[in-house]
Structures are given as C-alpha cells and as structure tokens.
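K.L.:
For reference, the structure I am asking about is given below.
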Amino acid sequence: DPSSISFSMWKDIPVPFYMSVYLFEVLNPKETLQGAKPVLNQRGPYVYREFRYKTNITFHDNDTVSFLEYRQLFFQPDMSNGSEEEYIVVPNILMMGAAVMMENLPNFVKLLLSGALAGLKQEAFMNRTVREVLWGYEDPLLDTINAIVPGLIPFKGKFGLFVEFNNSNSGLFTVYTGMKNISRVHMVDSWNGQKKVNYWRTSECNMINGTAGEMWPPFMSPTSLEFYSPDACRSMTLVYEQSGKFEGVPTYRFVAPKTLFANGTDYPPNEGFCPCMQSGIQNVSTCRLKAPMFISHPHFYNADPALVDAVEGLHPSKDQHALFLDVHPMTGIPMNCSIKLQLNQYIKRVSGIIQTGKIKPVVLPLLWFAESGSIEGAVLKQFYTNLVLLPSLLDYLQYIFLGLSVPLVISAAVLM
C-alpha cells in the first residue's frame, strides 16, 4: 500500500549496502602460458557504497506492482585495501574468451584472429588498473572480433567485468503487493514481462521462483526461501540453518545448500543448467553472450576439490566465503545479509591461435564480490521496539494480570 510504512522502506531501502570486490592476480603469467599451474594472489577488498532506488513504479489491477530498481556504486578509499589505480595482471578476458568461443570455427577464421591479435599486440595476459578491469577500457579488439565474426560479441565501446553494472537496473520486476493475499507479498509474477526465462534446458530450471530477493512473505517457517537473481540468470533456493538474533531481533539464518551449483551428475535437478563441468561451478554462457564464464562460491567453496587443486592460492572457508541471509521470520524482512559470488573464466590452448600458447584447460577465478547490508540506526531501534520490546512487555503484563486474578478467583470461590 503506497500509504504504508513498508512501502516507503521498499521504495527507498533505508539500509546501507556495500559491495566488496576481490580480484585475483596471476603471479606467473609466462609460466601459465607454457602449461604451468596458475598461481593466484587475492587483492582487495575494493569497497563500494551501493545506493538502490526504484523508478517506474506502476500498480496493476491484479494485486501486482511493476518497478525498475537501479543501483549506483561509489568507491570508498577509506574502507578499501588498495586503490582503483593499482595495476594488476589478469587474463586478457576478451581475447581468451573469444578464442574459446571460436575454437570450432574453420582454421582460416582462427588464423585471421591470430594475425589480428599479433597486429594489435594482444597477449594472453594483460597488466591493467583495477578501475579498467572492473569498469572498462577502450579495446580495438572489440571492433576487430566483430569484423572477423559479426555478432560474436555484440556490443561496442568499453569492455570491463562490471561495465554495465553501475547506474543500471536489474530488469522490470512485477511482484505481488500482498493487499489481497498477504502470503504472496513480494513474490515475483514476472521479470521483463516473462513468467519464465529461456536460458536453460528444462522448464524447472527456467522457472522464476520466490521474490526479487529484498523481502519475503511474513510468518516464515524454518525451511527454505527462494528468490530470482538476474545476475545468476536463475532462481535460487536457500535452506534454513539456525535460529539466532541480530542486535536482539530474532532471526532465521538461511544459507546456500551444497547442491546450489552442483552438476547434473551429483544433483539430477541441475541437469538443466548443463553442459556442466565439476560440481560447484555453474555454466552461465547461455546468458552471457555464450562466453565461457562460470559462477561459483568464492574460492570454490563447496565445490569439487579438483577445481581448487587446478590453481594455487585458493583457501576456501565457510566463515569467509559462505553466503547467508538473516531474516526476521515474523515480517520476512532481512536484518543482515552477505551475498557472495565468484566469477570465473574457462581458458585453454586453442589450436590455430598462437597467443593461447600451451595453456592447460582450467576454470580460472577472476574475482569474487560480496554484497552486504544490515538494518541499523533508527530503523533498527524501531524494529526492536515494535517487534521485541512491546511483545515482551505485553507477555510480561499478561502474567502479572494472571497473577493478580488468582487471588480474586480464590476469594470469589470462598465467598460462594
């Protein structure tokens, strides 16, 4: 309801969000090019303050509301371990991705690319600033690839891992308001006008389930929660781990099950997300322009040990790399959260493209990020007063009145 307190909180979320980004630098690029195991070093965090706001809010007759949510990111030097101007050696993401994507094309096409790469002095690894890697840099290779294979990488301008992330929206969500049925509040009706996506091979994997990931229906049970993630191109299910308290407010903690990114062999329902490799990584090439990209938990936490062993420098741990949501079960509002994902690229030697050298096939971590936020300040105080203090006081008064009523009942019985 536009006149309610919850609407104003939903429209302009009064919670400070931060995105912490960790990049992996390759310490031995020359040796990796000759077939050695990549040695990685984690850099960061590079911390960004994240502001979210909703626009194009439109209410519909069927108890739904549509909106676009935008996010803006601002670098926080005082919270970061390093600056955006630092240089870092990473894979030439555009070149290595294009090479794998062109692996099955005729040899003369690959030779054309190889010659173009030589002319542009492109190598398998590049030394660029953190700002360039994340937010983009001009690269003539984009135009060259589009000239050789039109439509292979259908965008122009700057190339960067987060180039389309800032000042962008996550698609047009249409969710239920809960005005007619409170149990459906925040549940997604459609995304970009679609009731399901078409990225995956089964209808189950293409389903848009749960909410948009901001709130859930009230009176939650300690089982599971679902949300649709445009970043992962899929719906995700988290499972209940334990009950606890955040600043005195009761919460349910939900975490990712080990099956979240499992392959179809280890967890058959995930067969629709294949073609798969080892468990613990999900192929997202179908929603990333067919680029050989994978998502996972940071440091391949909860993944096949073979992925960790294929590189040096990873140290997966639950404390640092597991994602979680602490939700107040009565209202369905998250009190504290940290959503973590890692972006990986599959690189290998491609016959006919000399710049790929003797690189052995490996899923190489590029970066991981954590989006975190928690209710604090006046909003937290209001939560605690209304949802903890007052109920406790009423409960306490109930026993006082009960205690006072006992002597009256006894006296009445005696008089009778």
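K.L.:
Taking interchain pairs and intrachain pairs at least six residues apart, which have beta carbon atoms under 6 angstrom, with the first residue in segment 147-170 and of a type in the set (A, V, I, L, M) and the second assigned to a loop (DSSP other than H, G, I, E, B)?
P.N.:
As it stands, the answer is 163/136, since those pairs meet every condition given.
K.L.:
Could you list, in sequence order, the residues of segment 176-194 that are out of contact with any strand residue (DSSP E or B) (no Cβ under 8 Å at 6 or more places or on another chain) and outside any helix (DSSP H, G or I)?
P.N.:
Hits for segment 176-194 are 178, 179, 180, 181, 194.
K.L.:
For segment 37-49, enumerate the residues that are in contact with a Gly (Cβ under 8 Å, 6 or more places away or on another chain) and either open to solvent by 50 Å² or more (accessible area, probe 1.4 Å) or under 19 Å from residue 9 (Cα atoms) (or both).
P.N.:
Across segment 37-49, the qualifying residues are 41, 42.
K.L.:
Restricting to segment 267-282, name every residue that is open to solvent by less than 50 Å² (accessible area, probe 1.4 Å), polar (S, T, N, Q) and in a loop (DSSP other than H, G, I, E, B).
P.N.:
Passing the criteria: only 279.
K.L.:
Shifting gears a bit: Suppose we filter 173, 219, 165, 227 for residues that are open to solvent by 20 Å² or more (accessible area, probe 1.4 Å) and part of a strand (DSSP E or B); which single one remains?
P.N.:
Of the residues listed, the single one that is open to solvent by 20 Å² or more (accessible area, probe 1.4 Å) and part of a strand (DSSP E or B) is 227.
K.L.:
Which one of these does residue 264 not meet: (1) touching a residue at least 60 places away in the same chain (Cβ under 8 Å); (2) in a loop (DSSP other than H, G, I, E, B); (3) open to solvent by less than 20 Å² (accessible area, probe 1.4 Å)?
P.N.:
Going through the list (1) touching a residue at least 60 places away in the same chain (Cβ under 8 Å); (2) in a loop (DSSP other than H, G, I, E, B); (3) open to solvent by less than 20 Å² (accessible area, probe 1.4 Å), residue 264 breaks only (1).
K.L.:
Additional query: State all residues of segment 251-269 that are under 17 Å from the mean Cα position of the chain (by Cα) and hydroxyl-bearing (Ser, Thr, Tyr); if no residue qualifies, say none.
P.N.:
The answer is 259, and nothing else.
K.L.:
For residues that are at pLDDT 90 or above, hydrophobic (A, V, I, L, M, F, W, C) and touching a strand residue (DSSP E or B) at 6+ places or on another chain (Cβ under 7 Å), tally how many sit in segment 344-403.
P.N.:
Number satisfying all stated conditions: 10.
K.L.:
Looking only at segment 102-111, decide whether some residue is of a type outside the set (Gly, Ala, Ser) and within 26 Å of the chain's Cα centre (by Cα).
P.N.:
Checked against the condition, which is being of a type outside the set (Gly, Ala, Ser) and within 26 Å of the chain's Cα centre (by Cα), segment 102-111 yields no hits at all.
K.L.:
Scan segment 54-84 residue by residue and report those that are open to solvent by 60 Å² or more (accessible area, probe 1.4 Å) and in contact with a Leu (Cβ under 8 Å, 6 or more places away or on another chain).
P.N.:
If the condition is that a residue be open to solvent by 60 Å² or more (accessible area, probe 1.4 Å) and in contact with a Leu (Cβ under 8 Å, 6 or more places away or on another chain), then 56 is the only one that fits.
K.L.:
Sticking with this one: Could you list all residues from segment 134-162 that are assigned to a loop (DSSP other than H, G, I, E, B), buried (at least 17 other Cβ atoms within 10 Å of the Cβ) and aromatic (Phe, Trp, Tyr)?
P.N.:
Within segment 134-162, just 162 meets the criteria.
The values are calculated or read from the model by the stated rules, or taken from the named source; none is laboratory data. The structure presented is a predicted model; accordingly, all values stated were derived computationally and were not measured. Every residue, glycine as well, gets a Cβ built from its backbone with ideal geometry; the counts of neighbours run over all protein chains shown. Only protein heavy atoms, including side chains, enter the accessible area calculation; ligands, DNA and RNA are left aside. Shrake-Rupley method; radii C 1.70, N 1.55, O 1.52, S 1.80 Å.
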